[in-house]
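The values are calculated or read from the model by the stated rules, or taken from the named source; none is laboratory data. Remember, predicted model here, so these are calculated numbers, not experimental data. All Cβ positions, even for glycine, are placed from backbone atoms using ideal geometry, and neighbour counts span all protein chains on display. Side chains included, ligands, DNA and RNA excluded: accessible areas come from the protein's heavy atoms. Shrake-Rupley method; radii C 1.70, N 1.55, O 1.52, S 1.80 Å.
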Amino acid sequence: MTELIAVALITILATISPGPDFAMVTRNSYLYGRNPGLLAALGIALGVQVHVFYTMFGIGLIIAHSPALFSAIKVAGALYLIYIGWKTFNNKARLAIDLHSGSPISPFKMLSNGFLTNALNPKTTLFVVSTYTQVLRPDTPLAIQFGYGLFMSAAHFVWFGMVATFFSRHAFRARMLDHQSALDRLIGTVLMGLGVSLAFANAVR
């Protein structure tokens, strides 16, 4: 029971802490509506499983003890965040958004945005690897380990689903879109800032 409580608390705190996932869901929700935001949330939940699987099969231990490999993951995630942030910052098409029309972006694109943001996020790497290596006991059954992984994904989907629902509300979204130029620049700057901070985190140690 103590193990379960520890996993639950760590998961909830790691999920609700602001980061690239939050910025991505917020961006998709206010620009394109609730369903695209929910698809991004689902992509994030699926991305968590990438970290769970490589951790359970031992690759997490390699990452934890291989600075070069972890740095490569960090750079890949950083470059993706910088790319998405730059596109958001310079998105001229946003002025033509119609609140009553569907999203001009394909569902697969929305899903993949969320998936890649999480799968390439070193923050999630550290969260999952540390949880499985520090909290779980060596004799924890494999089925329970899979269950913890599913709980992590479910927690991410529920939280970011609520974020998507909040930021896609019609009245709130309309007010945000009235100031979308400034908001896009703000979110784009946050995403690029997160990417740059991740890329250079090791350099300042």
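At a glance:
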item: Subset of segment 76-104 (residues that are modelled with pLDDT under 75, assigned to a helix (DSSP H, G or I) and open to solvent by 40 Å² or more (accessible area, probe 1.4 Å)); result: A76, K92, A93, L95, A96
item: Top-ranked residue of segment 127-140 - restricted to ones that are at pLDDT 75 or above and under 14 Å from G58 (Cα atoms), ranked as surrounded by the most Cβ atoms within 10 Å (Cβ to Cβ); result: V128
item: Pair list, Cβ under 7 Å, 6 or more apart: segment 1-17 residue more than 12 Å from S130 (Cβ to Cβ) and β-branched (V, I, T), other residue part of a helix (DSSP H, G or I) and at pLDDT 75 or above; result: I12/A155; T15/A155; T15/H156; T15/W159; I16/W159
item: Close pairs (8 angstrom Cβ cut-off, 6 or more residues apart or separate chains): over 18 Å from A72 (Cα atoms) in segment 101-126, modelled with pLDDT of 80 or more and aromatic (F, W, Y) anywhere; result: S103/Y32; P104/Y32; I105/Y32; M110/Y32; G114/F160
item: Contacts under 9 angstrom Cβ, first residue in segment 53-64 being modelled with pLDDT under 75 and surrounded by fewer than 16 Cβ atoms within 10 Å (Cβ to Cβ), partner among the hydroxyl-bearing types (S, T, Y) and assigned to a helix (DSSP H, G or I), 6 or more apart; result: L61/T55; L61/T133; I62/Y54
